[in-house]
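Asks: What follows is a single structure, and I will ask about it in a moment.
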Amino acid sequence: MSLNLENLFPVETDIPEAYALEGPLDQRSYLSNGDMLTWSGDVHTVLSPICVKTKKGLERKLIGTYPLCGEKEAQIALDAAVAAYNNGRGEWPTMSVAQRIDCVEKFTRDIMAKKDEVVKLIMWEIGKTYGDSVKEFDRTIEYINATIDALKDIDRKSAGFTIEQGIVAQIRRSPLGVVLCMGPFNYPLNETFTTLIPALIMGNTILFKPPKHGTLLFYPLLKAFRDNFPKGVVNTIYGRGNKIIPGLMESGKINVLTLIGSSKVADQLKKMHPKVNRLRAILGLDAKNAAIITANADLNLAVKETVLGALSFNGQRCTALKIIFVHKKQVDQFVKDLSEEVAKLKFGMPWEAGVSLTPLPEPQKPAYLKELIEDAAAKGAQVVNPNGGEAKESFVYPAVVYPVTKEMKLYTEEQFGPVIPVVTFDDIEEPINYLIESTHGQQVSIFSNDPTEVAALIDPIVNQVSRVNINCQCQRGPDVFPFTGRKDSAEGTLSVVDALRAFSIRSLVATKLNDNNKHLLNEIIDGNNSNFLSTKYLF
Ligand code: G3H
């Protein structure tokens, strides 16, 4: 029986008032060098993944427009960030940690007042459920608060001196310079801020380009950046990435590239920098996390975690389970149970209570997923769940595809959507070899209740990926845990504390411990003349 997707999308008047946008948000200004500059050039039209029924048929709802600035505006923003950094002599990089924290706390208070607006825009721009959009906002605020606490802790530990071999030193963390920050569409607010905020609070100056989908939601926050940080410390750049980013990288003035996105793009951008050794890169990239379900797994649990891992936010998470290896003894039952579990998921509009499957924001994604399914079908696999792969405009119903084999695109390509490829294995070396040969290396989920078997898998696998999850799905959180990957999956490590380290470098002031220098240091400290050389304790 068909899903009757004809009735999936609402007519305009059926959109509940509480979740409707007041009207299209026509953004005509952006933050550069401390000012909200007015833009009168070309704009990008933002169409929501949520369609509405019209007389002409289904149409993606128009929710706003944003500036399509060019290279000139990007260069002006770059100059502003360079000037605000001023070779490390600017107001922001030389400010005390306490003062920087104060600015970020005020900024946080201001953005919290914008929560409702931002949450609705997340929902409309990327089709995330209302509940998950709220969670994304709240998790971001928690992340900022945890970052402040972690920085206080680092600063407290740096408030003293180290004496070694007759040398006395004070060691602190210093900023790196101008940071180019680009976040992903799937967690546009959260993942952008998990790099932007640590980079900012460590004293760097920022050039920030919002993701292609998930752009308007930053507009309500721009004034909070303008009002709480010195001029030029945070600058936005709007426009087509392939037009405006190359010039910035080629200028050689970017000190840190932080990007959550594709490894292909990161690779190209890094190569554009004329002094590669001067560029630090903090990257969260592609992943194809595997689940390995052995003959000793609790199948019920494995099915539930697979559904969560593969289909939360329609599979559009870098940490999603994107290929499932199941032992041949369990595979028939697994595929049957998985199909039944998928059928229990509610699909619909992001504001509907209990909904988990929603429309996809990337316009080309439904066609790509269809291509992956057709490729697998042509090579011997089948969609095994009822209605799997049925689609209407931006919506694709999840497809469980089995048996997936090496020759199929689904075996290696990151689908980043609601398709679950299931592979069967007899010998545990098969999934291990998959991990070895994979170009990705983020996480794995192992399902087994046999301690000998689990132990034997942990040791080889921790050297292939960066997190091994036992009897649970893959995920980034809790945010204090290190989040990284091997091969093409990441560069650098993010966590609340690691991010502060990633966006800074240790600097020290050292001298020989003699009476003259003791006197000199004491004078500087007592006179409160340096923000770096100081024993002030941050409570
Ligand atoms: O898109 C990748 C995100 O970092 C995943 O985060 O595991 O908390 O959903 P999550």
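The values are calculated or read from the model by the stated rules, or taken from the named source; none is laboratory data. Treat the numbers as computed from the prediction; the structure is a model and nothing was measured. Virtual Cβ from ideal backbone geometry, glycine too; neighbours counted across all protein chains shown. Please note that ligands, DNA and RNA were not included when accessible areas were found on the heavy atoms of the full protein model with its side chains. Shrake-Rupley method; radii C 1.70, N 1.55, O 1.52, S 1.80 Å.
Asks: Determine, yes or no, whether residue 325 is crowded, with 22+ Cβ neighbours inside 10 Å, more than 16 Å from the ligand (Cβ to nearest atom) and not in a strand (DSSP E or B).
Replies: Against the criterion (crowded, with 22+ Cβ neighbours inside 10 Å, more than 16 Å from the ligand (Cβ to nearest atom) and not in a strand (DSSP E or B)), residue 325 does not qualify.
Asks: Can you confirm whether the stretch 233-255 contains a residue that is within 21 Å of residue 485 (Cβ to Cβ), open to solvent by less than 10 Å² (accessible area, probe 1.4 Å) and at pLDDT 95 or above?
Replies: Scanning the stretch 233-255 turns up no residue that is within 21 Å of residue 485 (Cβ to Cβ), open to solvent by less than 10 Å² (accessible area, probe 1.4 Å) and at pLDDT 95 or above.
Asks: Would you confirm whether or not the stretch 1-13 contains a residue that is open to solvent by 20 Å² or more (accessible area, probe 1.4 Å), modelled with pLDDT of 95 or more and either in a loop (DSSP other than H, G, I, E, B) or within 30 Å of residue 530 (Cα to Cα) (or both)?
Replies: Scanning the stretch 1-13, I find no residue that is open to solvent by 20 Å² or more (accessible area, probe 1.4 Å), modelled with pLDDT of 95 or more and either in a loop (DSSP other than H, G, I, E, B) or within 30 Å of residue 530 (Cα to Cα) (or both), so the answer is no.
Asks: Follow-up question, since we're still on this one. Pairs only if they're at least six apart or on different chains, beta carbon under 9 angstrom, first in the stretch 452-477 and without any contact (Cβ under 8 Å) to a residue 60 or more places away in the chain and small (Gly, Ala, Ser), second open to solvent by 40 Å² or more (accessible area, probe 1.4 Å) and in a loop (DSSP other than H, G, I, E, B); list them, first residue then second.
Replies: Taking only residues 6 or more apart or on different chains, the pairs are 456/428; 466/482; 466/493.
Asks: Does the stretch 62-80 contain any residue that is open to solvent by 60 Å² or more (accessible area, probe 1.4 Å) and either among the aliphatic types (A, V, I, L, M) or in a strand (DSSP E or B) (or both)?
Replies: yes
Asks: Give the stretch 46-61 a look and list any residue that's more than 24 Å from residue 248 (Cβ to Cβ) and surrounded by 13 or more Cβ atoms within 10 Å (Cβ to Cβ), or say none.
Replies: If the condition is that a residue be more than 24 Å from residue 248 (Cβ to Cβ) and surrounded by 13 or more Cβ atoms within 10 Å (Cβ to Cβ), then 47, 48, 49, 50, 51, 52, 53, 58, 59, 60, 61 are the ones that fit.
Asks: Answer with yes or no whether residue 296 is assigned by TED's automatic domain parsing to the domain that holds residue 412, surrounded by fewer than 16 Cβ atoms within 10 Å (Cβ to Cβ) and modelled with pLDDT of 95 or more.
Replies: In short, no.
Asks: I've got another one for you. Among what's in the stretch 236-268 and is more than 16 Å from the ligand (Cβ to nearest atom) and touching a Cys at 6+ places or on another chain (Cβ under 6 Å), pick the residue that is farthest from residue 191 (Cα to Cα).
Replies: 239
Asks: So, one more: Any chance you could count how many residues in the stretch 215-237 are in contact with an Asp or Glu (Cβ under 8 Å, 6 or more places away or on another chain) and among the hydroxyl-bearing types (Ser, Thr, Tyr)?
Replies: Total satisfying the criteria: 1.
Asks: Could I ask something else about it? Considering each of 222, 200 in turn, give the residue that is surrounded by fewer than 24 Cβ atoms within 10 Å (Cβ to Cβ) and away from the ligand (no atom under 15 Å from the Cβ).
Replies: From the options 222, 200, the qualifying one is 222.
Asks: Determine whether residue 122 is assigned to a helix (DSSP H, G or I), surrounded by fewer than 20 Cβ atoms within 10 Å (Cβ to Cβ) and not assigned by TED's automatic domain parsing to the domain that holds residue 312.
Replies: No: the conditions fail for residue 122.
Asks: Please list, ordered by first then second residue, the pairs with beta carbon atoms under 8 Å, 6 or more apart or interchain, first in the stretch 286-309 and touching a residue at least 24 places away in the same chain (Cβ under 8 Å) and away from the ligand (no atom under 16 Å from the Cβ), second open to solvent by 30 Å² or more (accessible area, probe 1.4 Å) and of a type in the set (A, V, I, L, M, F, W, C).
Replies: Close Cβ pairs (under 8 Å, with a partner that is open to solvent by 30 Å² or more (accessible area, probe 1.4 Å) and of a type in the set (A, V, I, L, M, F, W, C)) amount to 292/428; 294/428.
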